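Heads up, the thing below is written out as structure tokens.
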Amino acid sequence: MIPAGLSGPELRFSRAQARVGLGGVLVSLPVRWVSHPSALADAAYKPRQLAVLKQAGLAVPPTLVTNDADAVRAFAKAFGELIVKPLAEPVVYESGGEALVYTRRLGRDELDALDGVEVTAHLVQQWQPKRFEARVTAVGGRLFPVAIHARSEKAQVDWRSDYDALTYEVIDVPDDVRAGIARYLDAAGLGFSAFDFVIRPDGEWVALEANAVAAWGWLAEECDLPIAAAIADALTEE
């Protein structure tokens, strides 16, 4: 445990040494991982996720990463209605509490006043109309696909914002999507990932992201899915 009383620079230095020292020992162990920390670190970059998803043959939305307001307006002119969402951890810590930052739609009036967009990078995507969304939890070659049906306006934009408005249904994954997921996992070096899809009104599956450290327990409980057993099997297989 790092002792109390260190100055800010001393604390940052000590934490960095502990992270690299202990972390370096752990990642060097000759053990089975689901998934290896270096693969998890690479998979955390959303732009890379989207590039690998597309290379794997999955459809992805037109996407822009920028801090330039004019670029956002030009993107909207080319692709119509947009959403914006965080690129990294979607939590803001302030005043002793925390707030989640959800995906939200960008209104036309907001495009005229994008003050502050220059401060940092933003991920902007073309809005995808949807019949429903799907979370496909992949553990190696086993898939656990669940349709997520949203019954409120805000859950239609980001289902995490209103869990009380959600219902769930175990569904099948089209063969081409199943193959794309397998290619993504192989290319990313992952043994686990949770894929979020929009299923458009025309039936097309569009991949939004692939979270290599996603929560899955609530879906396993809601839909009686043996995800924990699949992870245990992946860790203990010879």
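The values are calculated or read from the model by the stated rules, or taken from the named source; none is laboratory data. Computed from a predicted structure; not experimentally measured. Quick reminder, even Gly has a Cβ in these numbers, built from the backbone with ideal geometry, and neighbours come from all protein chains shown. Surface areas here come from the heavy atoms of the whole protein model, side chains and all, with no ligands, DNA or RNA. Shrake-Rupley method; radii C 1.70, N 1.55, O 1.52, S 1.80 Å.
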Go through the stretch 59-107 and tell me which strands (runs of 3 or more DSSP E), entirely inside it, have 1 or more residues that are surrounded by 16 or more Cβ atoms within 10 Å (Cβ to Cβ).
63-66, 82-85, 104-106
Lone unmet requirement of (1) at positive phi; (2) at pLDDT 95 or above; (3) among the small types (Gly, Ala, Ser) for Gly217
(1)
Condition check for Gly24: free of Cβ contacts under 8 Å to residues at least 12 places away in the same chain and out of contact with any Cys (no Cβ under 6 Å at 6 or more places or on another chain):
yes
Examine the stretch 103-124 for a residue that is without any contact (Cβ under 8 Å) to a residue 40 or more places away in the chain and under 17 Å from the mean Cα position of the chain (by Cα), and state whether such a residue exists.
no
In the stretch 128-147, how many are among the small types (Gly, Ala, Ser) and open to solvent by 10 Å² or more (accessible area, probe 1.4 Å)?
2
Please enumerate the residues belonging to the stretch 47-58 that are out of contact with any Asp or Glu (no Cβ under 6 Å at 6 or more places or on another chain) and open to solvent by less than 70 Å² (accessible area, probe 1.4 Å).
Pro47, Leu50, Ala51, Val52, Leu53, Ala56, Gly57, Leu58
Which listed residue is farther than 14 Å from Ala134 by Cβ, among the hydrophobic types (A, V, I, L, M, F, W, C), touching a residue at least 40 places away in the same chain (Cβ under 8 Å) and surrounded by fewer than 19 Cβ atoms within 10 Å (Cβ to Cβ), from Ala230, Ala188, Ala212, Ala179
Ala179
